[in-house]
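What follows is a short report on a single structure.
The values are calculated or read from the model by the stated rules, or taken from the named source; none is laboratory data. If you're wondering where the values come from, they're calculated on a predicted model, not measured in any experiment. In this analysis, Cβ positions are derived from the backbone assuming ideal geometry, glycine residues included, and neighbour counts consider all displayed protein chains. All accessible areas refer to the heavy atoms of the entire protein, side chains included, with ligands and DNA or RNA removed. Shrake-Rupley method; radii C 1.70, N 1.55, O 1.52, S 1.80 Å.
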Amino acid sequence: MSYSPLQVERYKYDPKLPEVLKGDIQKIGINPKGSTTSESNKKELSELFPRTYGAPFIETITLNEGIKPASINIGVVLSGGQAPGGHNVISGLFDAMKKANPDSKLLGFLRGPSGILENKVLELNADIIDQYRNTGGFDIIGSGRTKLETTAQFDICEDVCKLRDISALVIVGGDDSNTNGAVLAEYFKQKNSEISVIGVPKTIDGDLKNEFIEVSFGFDTATKTYSELIGNIEKDANSAKKYWHFIKLMGRSASHICLECALQTQPNIALISEEIENKHKSLTEIVIDMVNVIVKRSELGSDFGIVLIPEGLIEFIPEMKQLISELNTLLADHEDHFGTLHTFEDQSRWINRELSRDSSYVFSTLPNNIQRQLLMDRDPHGNVQVSRIETEKLLIQMVSSRLDELKSEGKYKGTFSSQDHFFGYEGRCAFPSNFDADYCYSLGYNAFILASSKLTGYISSIRNLAKPVKEWTAGGVPVTMMMTMEQRHGKMKPVIKKAMVDLQDKPFTEFASKRDIWALKSSYLFPGAIQYFGPSEVCDTASITLGLEGK
Ligand code: FBP
């Protein structure tokens, strides 16, 4: 095996722990603080989770007396998309459990939750862990998107845990995986099984956050990686002065990534889906706004610029949302018939007949490539895969034809040349920033404290993150406390509410107060590559969003 020089140096990095987790592990314990309730749907949730609802909020504290924990086996699983820092969650968990009792074992389920169902396990020892410390990716045990949600699956989980003598399961995942983890915890309790389930908040998207989870891990590194790339493109654009770069950024529905990258790089235009939905902006209006900026910049002598587009934009534009919803229903209800239509022409003729008048019109106005993308394979839930719709190209095409019209009317004299980009996978497996390395290590370390205290249905929570690491606090939050009921696929389900960009909160208002200046002037900021060694203000600072939210 050969390693890059940076990988060798990162192996030596000793992640910082908050003061409260630093002491003798046998003296670190928990301080339960009264019972809790969910923010809404208290009755429904307390009925759905009779054994875990209302569990106390937990603070991790230093005890006066030490207790030597018995050895335990813990199972760990990585669920969903990769996010930088996952390996440090595992190494933090491993180090804590080995310090507490060297006979304890950490068992990694392979390739995500399906690893539990298929009983595929790798025992993680020091030699393996050491190869993955402070590195990106989830390749230590792999990840997957299988959902654990049926009773039959829960029974297999229980059998496999019993077979492996596992007394705690640590699920590293996003809102869905943590919700399912809480349902599993409730099920285990109902069956009088003592296996505890502890979650760890992961997703680059940044939408798993609330009063108790300040940020999901991976957001910091992913946004810094994208911002480096955007800054480089800004430099290029400002040097060549000939291209408009349309950059789509991953992040699924919420625009947190796009907003953070905009704050870090000060582009000319950044679209925020939540604002577009709030203002009911149509696709045409979005294009007109963009064209206005392009024309004004051109009049100032700048036929170049940077546009940031959130991945989920298309679903927030009212007429597109309606079209997508009709398409999803049509393709689900007439799957067999649709499968017999082999050419795109036949498909679009049939679609146009079946859609409502408004949606049929919207569909007909879209460029051919976008129409094709809208008819592509659905995801496992029967929904169009929005991340595969090339919104950046759609906007370029629409902006370009509007500019042609203006040119023919003598209202635009510039030249419009464009480049499109999509940054997503590029940021999901970067070496975790020092922030994510420290945060994830602490989350994993703390997950051990919660698991060994026999808590279940909790999520590991490290807070006060805008402060230096030593001031971070640690504890556990009952997952039911973060839940609400939402309609999913026609049924009311318990879910952890996804955090969307709050248009009243500082990250957005700060952006909104500056964007008109950024639109016309080239006020680009060049964050450069993530720095792992050097002055703390360059290496250790958290995201701008976290700082502005000031939690
Ligand atoms: P998670 O929510 O599972 O963390 O995944 C986030 C994400 O990176 C989204 O930003 C993106 O839309 C999606 O995963 C892509 O999924 P896939 O890796 O399956 O292509």
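Relative to the present Cα-Cα distance, how much length would full extension add between Gln190 and Tyr425 at 0.36 nm per residue of separation?
Full-extension gain reported as 80.6 nm.
Give me the percent of accessible area attributable to carbon and sulfur for the chain, probe 1.4 angstrom.
About 49 percent, which is the carbon plus sulfur part of the accessible surface.
Roughly what would the spin-label model give for Gln131 and Glu471, points 7 Å off Cα along C-beta, in nm?
Using points 7 Å along Cα→Cβ, the separation is 4.1 nm.
What does the charge dipole of the chain about its Cα centre add up to, to the nearest 20 debye, if the Cβ of each Lys and Arg holds +1 and the Cβ of each Asp and Glu holds -1?
For this selection, approximately 560 debye.
Averaged per residue, what accessible surface does segment 370-509 expose to a 1.4 Å probe, in Å²?
42
Would you mind calculating the gained length between Arg388 and Glu118 on full extension (0.36 nm times residue separation, minus the Cα-Cα distance), in nm to one decimal?
94.2 nm
Among Tyr11, Gly75, Asn101, which residue has its Cα furthest toward the positive end of the charge dipole of the chain, with +1 on Lys/Arg Cβ and -1 on Asp/Glu Cβ?
In the chain, that residue is Asn101.
Suppose R0 equals 25 Å; then what is the FRET efficiency for Glu59 and Asp14 from their Cβ-Cβ distance, rounded to the nearest 0.05?
About 0.50, to the nearest 0.05.
Along the charge dipole of segment 306-412, Cβ charges K/R +1 and D/E -1, which of Ile314, Ser408, Tyr361 sits furthest on the positive end?
It is Ser408.
So for the chain, averaging the separation of alpha carbon pairs under 8 Å that are six or more residues apart and normalising by length, what relative contact order in percent results?
Contact order relative to length: 24 percent.
Compute the label zone of Glu211 within segment 178-199: residues whose backbone N is under 20 Å from the point 7 Å along Cα-to-Cβ.
179
At 1.4 Å probe size, with every protein chain present, just tell me what the per residue accessible area of segment 1-71 comes to in Å².
Per residue, segment 1-71 has 63 Å² of solvent-accessible surface.
What FRET efficiency comes out for Thr37 versus Asp155 if R0 is 22 angstrom and r is the Cβ-Cβ distance? Round to the nearest 0.05.
Computed FRET efficiency for Thr37 and Asp155: 0.15.
Please state the charge dipole magnitude for segment 113-258, taken about the Cα centre, from unit charges on C-beta atoms (+1 on K and R, -1 on D and E), reported in debye and rounded to the nearest 20.
Rounded to the nearest 20 debye, it is 600 debye.
Which residues does the label zone of Phe526 cover in segment 230-247, counting backbone N under 15 Å from a point 7 Å along Cα→Cβ?
Only 230-241 fall inside the zone, counting backbone N under 15 Å.
Which of the peptides 514-527, 425-438 is most tightly packed, and how do the rest follow, going by the mean number of other Cβ atoms within 10 Å of each residue?
Per-residue Cβ counts within 10 Å, averaged per peptide and sorted highest first, yield 425-438, 514-527.
What residues have an amide H closer than 5 Å to that of Gly305, excluding those fewer than 5 places away on the same chain, when H is modeled at 1.01 Å from N in the peptide plane?
Tyr243, Trp244, His245
Give me the percent relative contact order of segment 338-448, please, defined on Cα pairs under 8 angstrom at least 6 residues apart.
Averaging sequence separation for qualifying contacts and normalising by length gives 14 percent for segment 338-448.
Where does each of 355-364, 441-450, 160-169 land if you order them by average Cβ count within 10 Å, highest first?
Descending mean neighbour count gives 441-450, 160-169, 355-364.
Using the charge dipole of the chain (Lys, Arg: +1 at Cβ; Asp, Glu: -1 at Cβ; taken about the Cα centre), state which of Thr473, Gly251, Leu148 has its Cα farthest towards the positive end.
Sorting the options by dipole projection puts first Thr473.
List the relative contact order of segment 191-244 as a percent without decimals, with contacts defined as Cα pairs under 8 Å and 6+ residues apart.
Across segment 191-244, relative contact order equals 22 percent.
Would you mind getting me the FRET efficiency between Glu409 and Lys279? Use the beta-carbon distance for r and R0 = 30 Å, nearest 0.05.
With R0 = 30 Å, the Cβ-Cβ based efficiency is 0.65.
Could you check the simple spin-label distance between Asn232 and Met1, using points 7 Å along Cα→Cβ, in nm with one decimal?
Here the modelled spin labels are 2.7 nm apart.
Where the only charges are on Cβ atoms (+1 Lys, Arg; -1 Asp, Glu), what is the dipole of segment 58-129 about its Cα centre, to the nearest 20 debye?
Dipole about the Cα centre, nearest 20: 120 debye.
On a full-extension model of 0.36 nm per residue, what is the gain between Thr365 and Leu300, subtracting their alpha-carbon distance, rounded to one decimal in nm?
So the extension gain works out to 20.2 nm.
Calculated from DSSP H runs of 4 or more alone, at -39500 (n - 2.57) each and per residue, what is the 222 nm mean residue ellipticity of the chain, nearest 500?
Helix contribution divided over all residues of the chain: -13000 deg cm²/dmol.
Calculate the spin-label point distance for Lys27 paired with Ala512, positioning each point 7 Å from the Cα along the beta-carbon direction, and give it in nanometres.
That separation, rounded to one decimal, is 5.0 nm.
Ranking request for peptides 292-303, 409-420, 99-110, 170-181: highest mean number of other beta-carbon atoms within 10 Å first, then the rest in descending order.
In decreasing order of mean packing, 292-303, 409-420, 99-110, 170-181 become 170-181, 99-110, 292-303, 409-420.
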